[in-house]
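Here is the structure we will look at, set down as structure tokens.
The values are calculated or read from the model by the stated rules, or taken from the named source; none is laboratory data. Just so you know, these numbers come straight off a predicted model, no measurement behind them. Cβ atoms come from the backbone with ideal geometry, glycine included; neighbour counts cover every protein chain shown.
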Amino acid sequence: MKIHKKTVRITRPPLILLLVVSISLTALPAGAYDLVVPGDLDSDLIVSDEELEAAQSSYDAGKITAEELAKIEQINENYPRTITDTAGREVTFYKPVERIITREPDTCRIVVALGEGDKVVASEQAVKSCLCPTTFGTFEEGCLECYYSILDGRMPDLPETSTRYDIYYELIASFAPDVIITSGTTNVQDFESKIGCPVVVAGGDGWIYSREDGLYGMIEVIGDVLEREEEAEELIGFVESEIDMISSVTETLDEDEKPKVYFAPRGAKLGFYDPKEGRDFTRTFTEYDPLKIAGGKNVAEGAEGYEINVAVEQIIAWNPDYIFIACSTPEDAEVIEWIVESPDLQSIAAVQNGNVYNCLYPHCRGRPADRSLINMVYMAKLLHPEKFEDLDLEKEGNEIFKAFLGVDGVFTEYADYLVWPREWLNSQ
């Protein structure tokens, strides 16, 4: 990613104007956006050295606070600054970001992970259920301690600026955001024309561990926007350390030591196929990095496409040694019995050997990086128990959630809520 500070300097006569400072913006009428840069006296959105001297004089005279002066000094030193987002768009900021609207749980999760959750003023509807996994829309079960403590306790009352189908542009404008962070380019032009504030695309798949089209690129761009570059590299380093903990073992395995796996990332609660959503047991991924890193061979690898629907006959022909079925609620776990008892699947090795297991649901109005990282550890322990006998899944799960959410004990809550992880942990 490219970041550079624009070194624009304009010659002007000595300043005799009184310094007026506004550190925070008040709510604006819907559809309006008025950029005010603290310390900028001539409205060119730049704090010159001369204007910084005026700010110092105002501070000496007791007209502004030390905090206000520090903000002006930061702007003088670092702004304007331009970042390049994951869509290759250059976006210029004239002051530090203080009010953030995230368009989905995935981007909000990274803002929180980088220590800037207090600046999130609103987000997409599903962020309430997806950051701290809870029952969607009801918040009666799940990781409730996390839900009520994250964002300094603001999550239950966090304004919802969009749903899966609708975007509330006037509501967004009323919060006067300094930036809208989104993972896709679909609505960027509408945000720019209707809201007017900077819009940054921070795309990236939560289970692709790369900077291009992957999790690291999303983290890096959001870190650039928030001036949290060091924290972004630390978060990437944490993810890489978790991966290395597993891959350092599985990379030494011979190919015949890696079992064949069929992965059903959409679960199976509606049977083999859901005609409404076009997914369920027969929908799979041709690539899922956590499974590969865990030392499994994805039977769908090499098939055309990425997220694909396959025939039951194809799954039978693949004859996987293991089957993983994603689970998002306690009730979803019941599908294991249905799969094991299905007459159509009795010839499959995984069914015959009792190697059909739940795993964490890798979706939640996006692709949450924390859950897929936990899946990687869990799958490694299941596929190669003798290699990872001493690996504590609950400890690793709590550390992973803590890295992304800043809250202790989330995986312990999640394991108790879903039931099957607790039962599996107790059986070890």
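The rows are residues; the columns are (1) of a type in the set (S, T, N, Q); (2) over 27 Å from K297 (Cβ atoms); (3) at pLDDT 95 or above.
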position	(1), (2), (3)
N375	yes, no, yes
K381	no, no, yes
E389	no, no, yes
L405	no, yes, yes
P421	no, no, yes
L425	no, no, yes
Within the stretch 106-121, the count of residues that are touching a strand residue (DSSP E or B) at 6+ places or on another chain (Cβ under 7 Å) and crowded, with 22+ Cβ neighbours inside 10 Å comes to 4
Kindly check whether there is at least one residue in the stretch 138-158 that is surrounded by fewer than 23 Cβ atoms within 10 Å (Cβ to Cβ), more than 16 Å from the chain's Cα centre (by Cα) and closer than 15 Å to V221 by Cβ. no
Please enumerate the residues belonging to the stretch 248-268 that are buried (at least 18 other Cβ atoms within 10 Å of the Cβ) and either free of Cβ contacts under 8 Å to residues at least 60 places away in the same chain or not in a loop (DSSP other than H, G, I, E, B) (or both). T250, V261, Y262, F263, A264
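Conditions tested, residue by residue: (1) of a type in the set (A, V, I, L, M, F, W, C); (2) surrounded by fewer than 19 Cβ atoms within 10 Å (Cβ to Cβ).
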{"residue": "I167", "(1), (2)": "yes, yes"}
{"residue": "P177", "(1), (2)": "no, no"}
{"residue": "V201", "(1), (2)": "yes, no"}
{"residue": "E240", "(1), (2)": "no, yes"}
{"residue": "M245", "(1), (2)": "yes, yes"}
Of all residues being in a helix (DSSP H, G or I) and of a type in the set (A, V, I, L, M) in the stretch 397-408, which is farthest from A113 (Cα to Cα)? Just the residue, please. I400
Quick one: which of G196, G223 is within 23 Å of the chain's Cα centre (by Cα) and small (G, A, S)? G223
Tell me, which strands (runs of 3 or more DSSP E) lie completely within the stretch 65-126 with 1 or more residues that are at pLDDT 95 or above and small (G, A, S)? 120-124
Which count do you get for residues in the stretch 287-339 that are of a type in the set (G, A, S) and in contact (Cβ under 8 Å) with a residue 24 or more places away in the chain? 8
Checking G271 against (1) part of a loop (DSSP other than H, G, I, E, B); (2) crowded, with 19+ Cβ neighbours inside 10 Å; (3) of a type outside the set (S, T, N, Q), which test does it fail? (2)
